[in-house]
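**Student:** Handing you a structure now.
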Amino acid sequence: MAIRPILIAPDPRLKQKSTPVEAFDADLQGLIDDMFETMYDAPGIGLAAIQVGVPKRLLVIDLAREDEDKAPRVFINPEITWKSDEEISTYEEGCLSVPEQYAEVQRPARVRVSYLDREGKAHEDEMDGLLATCIQHEMDHLEGVLFVDHLSFARRGMLMRKLAKARKFAKA
Ligand code: K1U
Ligand code: ZN
């Protein structure tokens, strides 16, 4: 297992659309293990494969708090089959690819998602709360969309300038 470097915006690779996972082989299992190690190290509650530079439709989530046992979940080739268009949730989101920047994002409060697990077995689950928010955030990554893309032009510009300034300062 290895911690992989996380791509930071505005890296153009974060804007690409990821392609479906086809092979459930040893490489995939190694990538999943590395993604969990990278996410726990960051730390974060979710990570999409493209954030470690792999444009495959794969994401991992663990919402367990520090004082709880780990609860790792793997979602491969996920699809939203239903969303609660009339019930919206607002959450102050962050992103490991947009470090130390946070903003409120509105999304459907509940979603049904079909996906494959790491063995390739099919599932379909209804999700709400932070899991619904997190999986929509991670599924956006598979389409090349960042949480800042849900903000107004002015607010997104402000956050991205703050990020660029913080990174310039960190390098100096
Ligand atoms: O970069 C990512 O996609 C991961 C991101 C997931 C996320 C956070 C908040 C709302 C939606 C999706 C993060 O994990 S940012 C870090 C974070 O939220 C966190 C870190 C440590 C403890 C608790 C939360
Ligand atoms: Zn993110």
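The values are calculated or read from the model by the stated rules, or taken from the named source; none is laboratory data. It should be emphasised that the depicted structure is a prediction, and the values quoted were computed from it without experimental measurement. With ideal geometry, Cβ positions are generated from the backbone for all residues, glycine too; neighbour counts draw on all protein chains shown.
**Student:** Of all the residues that make up the range 82-132, how many are over 30 Å from Leu28 (Cα atoms) and either aromatic (Phe, Trp, Tyr) or at pLDDT below 95 (or both)?
**Tutor:** Of the residues in the range 82-132, 3 are over 30 Å from Leu28 (Cα atoms) and either aromatic (Phe, Trp, Tyr) or at pLDDT below 95 (or both).
**Student:** Quick check on the range 154-170. Is at least one of its residues within 16 Å of ligand 1 (Cβ to nearest atom), of a type outside the set (S, T, N, Q) and not in a helix (DSSP H, G or I)?
**Tutor:** no
**Student:** Also, I was wondering about something else. Looking at Pro43, Pro55, Pro78 in this structure, which one is within 16 Å of ligand 2 (Cβ to nearest atom) and loosely packed, with under 14 Cβ neighbours inside 10 Å?
**Tutor:** Pro43
**Student:** Let me ask another. Hey, could you check the range 63-94 for residues that are within 9 Å of ligand 1 (Cβ to nearest atom), within 19 Å of the chain's Cα centre (by Cα) and without any contact (Cβ under 8 Å) to a residue 60 or more places away in the chain and say which is nearest to Pro10 (Cα to Cα)?
**Tutor:** For the range 63-94, the residue satisfying everything is Gly94.
**Student:** Starting from the range 1-27, keep only residues that are aromatic (Phe, Trp, Tyr), then list their pairs with residues that are modelled with pLDDT of 95 or more and in a loop (DSSP other than H, G, I, E, B) whose Cβ atoms are within a distance under 9 Å, requiring at least 6 positions of separation or different chains.
**Tutor:** Phe24/Arg118; Phe24/Glu119; Phe24/Gly120
**Student:** Out of the range 144-153, which residues are in a loop (DSSP other than H, G, I, E, B) and either within 12 Å of ligand 2 (Cβ to nearest atom) or on the phi > 0 side of the Ramachandran plot (or both)?
**Tutor:** Gly144, Val145, Leu146
**Student:** Mind checking which residues of the range 95-125 are of a type in the set (Asp, Glu), touching a residue at least 24 places away in the same chain (Cβ under 8 Å) and more than 14 Å from ligand 1 (Cβ to nearest atom)?
**Tutor:** Asp117, Glu119, Glu124
**Student:** Go through the range 103-139 and report how many residues are within 14 Å of ligand 2 (Cβ to nearest atom) and either in contact with a helix residue (DSSP H, G or I) (Cβ under 7 Å, 6 or more places away or on another chain) or assigned to a loop (DSSP other than H, G, I, E, B) (or both).
**Tutor:** 4
**Student:** Which residue pairs have Cβ atoms closer than 6 Å, lie 6 or more positions apart in sequence or on different chains, and pair a first residue in the range 39-57 that is in a loop (DSSP other than H, G, I, E, B) with a second residue that is within 10 Å of ligand 2 (Cβ to nearest atom) and not aliphatic (A, V, I, L, M)?
**Tutor:** Ile45/Cys134
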